[in-house]
Every structure is written in C-alpha cells, then in structure tokens.
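Take a look at the structure below.
What follows draws every value from the coordinates through simple rules; no lab data is involved. Everything quoted here is computed from the prediction, not taken from an experiment. Positions of Cβ are generated from backbone atoms using ideal geometry, with glycine treated the same way; all protein chains shown enter the neighbour counts.
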Amino acid sequence: MQRTFSIIKPDATRRNLTGKINAMLEDAGLRIVAQKRIHMSQADAEAFYGVHKERPFFNDLVSFMTSGPVVVQVLEGDDAVLKNRTVMGATNPEDADEGTIRKTFAESIEANSVHGSDSPENAEIEIRFFFSDREIVG
Ligand code: CMP
C-alpha cells in the first residue's frame, strides 16, 4: 500500500469538477484518505513549487495556483503514485492519453486541472506540507 498527494487545481474547482475528478480517481483504484478545500497563500504556493523557482513559468504558476480554491488530497492504493500519474495523464493535455483527467478536463499546460506527486519520496514531503497524521484516515 502506498500514498500519494494530489491537488485539484483552481481551473477545475471553478468549473465544479471536484466530484467528477474524484470519481475518476476512485474508479482508478485510489482511495481518498484525506481531503480539504483551501485557498493557497502566495507563500504556500511559492514554497510548494520551490523546485520550479528558476523556471520561466514559476510566477505564472504561483499566480494561477492562488487564483481560486484548490482541493488537496491524500490518495492511497497499490502503486498509488504511478496509478495517479496514469489516470492524470501527461502534464500538457495535448500529450495526454484519451480517458485521462487532463485529456478530459485540462484547459492548458498551466490550467491542467490536477497535480500529483512524481515519486513516493516527494509524495511524503508534499503530504506533510498540507496534512497532519490526524487528518489522514485510511
Ligand atoms: P504540476 O504537476 O502541478 O507541476 C508543476 C506545474 O507547472 C505543472 O503541473 C504545470 O501545470 C505547470 N506548468 C506551467 N507551464 C509549464 C511548462 N512549460 N512546463 C511544465 N510545467 C508547466
């Protein structure tokens, strides 16, 4: 059993897609063991995406992620990191496979509806950034 971290991004919450995205996650065999709707502060977004600080899209990414509410989640399942990345689809929705969340819902490479951890190590760090143990109920 593995855990991963997920964000339903502002483009998706704005279009009322939380339930549809959650259904796709659950249908993929992932269990939502923690979830909360928050509005990320500028400091949160800058720290969370710190690894991208030098990238040309960093400022736009921080503006976008603070532009509206997000839903942060902990997902659990066998191979949860890989399972979630498979159901999410490629970062750029133009490259994403049919039936994935990003192919179905994403508007652009920035407004791409969901984030998911890229490794179990980063999942642990990202989960800790937003959740305490008592908020995670498996
Ligand atoms: P995410 O998985 O949340 O991690 C970093 C985010 O940066 C990524 O999804 C994209 O939404 C966003 N982003 C914006 N522009 C780019 C780009 N040119 N290349 C990669 N990621 C980008």
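Let me make sure I get this right: for the range 55-131, a, b and c are the square roots of the gyration tensor eigenvalues over alpha carbons, sorted descending. Under 1.5 in a/c it's rounded, otherwise prolate if a/b > b/c, else oblate. Which is it? Taking the square roots of the gyration eigenvalues as a ≥ b ≥ c, the range 55-131 is oblate. The trypsin sites (Lys or Arg not before Pro) of the range 54-123 include none that meets both conditions, a loop assignment by DSSP and at most 11 other Cβ atoms within 10 Å of the site Cβ. Here's how it looks for D79: its modeled amide H is under 5 Å from those of Q2, which are all 5 or more places away or on a different chain. Pairs of lysines in the chain whose Cα atoms sit within less than 20 Å of one another amount to 9, provided the residues are eight or more positions apart or on different chains.
Over the residues of the chain, the helix contribution to mean residue ellipticity at 222 nm works out to -10500 deg cm²/dmol, using -39500 (n - 2.57) for each DSSP H run of at least 4.
Which is the longest part of the chain that has none of the GluC sites (Glu not before Pro) sitting in a DSSP loop with at most 10 other Cβ atoms within 10 Å? Between the exposed loop sites, the longest stretch runs 1-53. The coefficient of translational diffusion for the chain, derived via Stokes-Einstein from the alpha carbon Kirkwood radius under 10 °C and 1.306 mPa s, stands at 107 µm²/s.
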